[in-house]
1. What residues of the range 191-214 lie in the reach of a label at residue 224, counting those whose backbone N is under 17 Å from a point 7 Å from the Cα along Cα→Cβ?
2. In whole Å, what three semi-axes, largest first, describe the equivalent ellipsoid of the range 396-493 built from its Cα gyration tensor (square root of 5 times each eigenvalue)?
3. What length, rounded to one decimal in nm, is gained on full extension from residue 104 through to residue 268, with 0.36 nm per residue of separation minus their alpha-carbon distance?
4. Could you sort the peptides 390-401, 208-219 by per-residue average Cβ neighbour count (10 Å cutoff), highest mean leading?
5. Quick one: plug the Kirkwood hydrodynamic radius of the range 124-319 (C-alpha pairs) into Stokes-Einstein at 4 °C, 1.567 mPa s, and report D in µm²/s.
6. Could you grab the relative contact order for the range 413-515? Cα pairs under 8 Å, six or more apart, rounded to a whole percent.
7. Counting other beta carbons within 10 Å of each residue's own, what order do 506, 447 fall into, fewest first?
8. With a Förster radius of 41 Å, plug the Cβ-Cβ distance of residue 440 and residue 165 into 1/(1 + (r/R0)^6) and report the FRET value to the nearest 0.05.
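Computed from the coordinates by the stated procedures, all read-outs in this text should not be read as laboratory data. Note that the structure is predicted; figures quoted are calculated from it, not measured. All Cβ positions, glycine included, derive from the backbone under ideal geometry; neighbour counts span all protein chains shown.
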């Protein structure tokens, strides 16, 4: 257990240096390593996302690559040069050619490299670079990296390069070859986002060669589209893909590449039979066998063992962010003191065997340092009120709120809406059109928050998602990582706020220890974030209930 990190009274933290568009309140966009890039009252961007970026503050290849792409896209060539020089030094440690690799250096065709650059992806991130090289060598590959680090593009570009002619940019249609790549995703939303990514890259050509096959959509229309378009890339959910395979509508024997995205979720028992059929019938007619690509933010050894039937000789490609040092969320700008409890924890860790530490952390990817983490301790009956106050105090304009139970989602939405906060909801009981409408409103900014379950949010990619709020605790570290990955995409800053009951505080401590992050105890007062007073930050793991939270 650790001691409280606050003095005997609730105290306001010193604000960070530098201008703020809306006073001194903490905003989700204030998290390191990027500085203020927030919004004004109308939600429009009033500053570059790169303002305050410190080139010397990180050695992380993914963050530097993202910063370089943004700098070039925003035509800040002075910053681009500094980031480029730093990135050359960082890559020189692992790349024998000691050069900054662009898409062409990886063997990508000029037309697809130009298209990626037009979309703002001038240089590949670490995971994109390593995965592309492995896939183009026709290896069976495991791609493991943080949510938001660019894994989808990492496998899509090699797939597209295999389908489209290098010189002409036109489709290679080998007679009778049918579908070339099959991408399996656990949720409708993730499948549709993958389809949209192909369409962004290829425009009209992408719509011509790609077809979705998801549950909840009209099966007859999907069958007609497959017959008419003869797609080369099919993206879908296991049940619908297996059904189309059984009826003979979807011919998969000639598929050269099978991609299993969010692989840990696809191990669920309800997917087992469908995944077995997909595996058995995909790539059977390909000389030398198909290529298998397994993708996830978190892959434990037991997950890899479970997929050994797909491909026994997997090349494991891992690209993670540097393990973050403890950072204060910001009650902002105040340095954290080293406490006796933290020192004791460090001694305990040192004395533990390396094998035990490896077993505990196996498969859990550390979270990127530009996401900051905090907690609010609250009695259950006050949690929605604490949530509402935290959303206002952090100045969040676009947030995801996670609940564990479907019946809780609409209850939370109703309570927040009653306090005049525009809130949507996304759950498994909604049909495709309802879900699309809610997502569209959220993306347009009509909702300030979207209440979701873990399954409904899997694979969601929402630009400028400011923060994630855990109204109910994630079941384990893996779920914490996946939830947190909805914010802080591709190097952007983000905030994760967990609202926990006093008796649940020991779980937060476990997350800190196993994920290597500092979860800072905060409260709200007068519409602003403050450090929690001792009564609001009980000793974690002690099992004692905290006094009733004071009203704010």
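1. In the range 191-214, the label zone of residue 224 (backbone N under 17 Å from the point 7 Å along Cα→Cβ) covers 211-214.
2. Working: eigenvalues 67, 52, 36 Å².
Each semi-axis is the square root of five times an eigenvalue, giving 18, 16, 13 Å.
3. Working: separation 164, 0.36 × 164 = 59.04 nm, distance 3.87 nm.
Taking residue 104 through residue 268 to full extension adds about 55.2 nm, to one decimal.
4. Working: 390-401: 23.2, 208-219: 19.6.
So the order, starting with the most tightly packed, is 390-401, 208-219.
5. Values: Rh = 16.6 Å.
Taking Rh from Cα pairs, D becomes 78 µm²/s.
6. Values: 105 pairs, mean separation 22.4, N = 103.
Relative CO of the range 413-515 lands at 22 percent.
7. Numbers: 506 15, 447 21.
With the sparsest Cβ surroundings first, the list reads 506, 447.
8. Numbers: r = 35 Å, r/R0 = 0.86.
Computed FRET efficiency for residue 440 and residue 165 comes out at 0.70.
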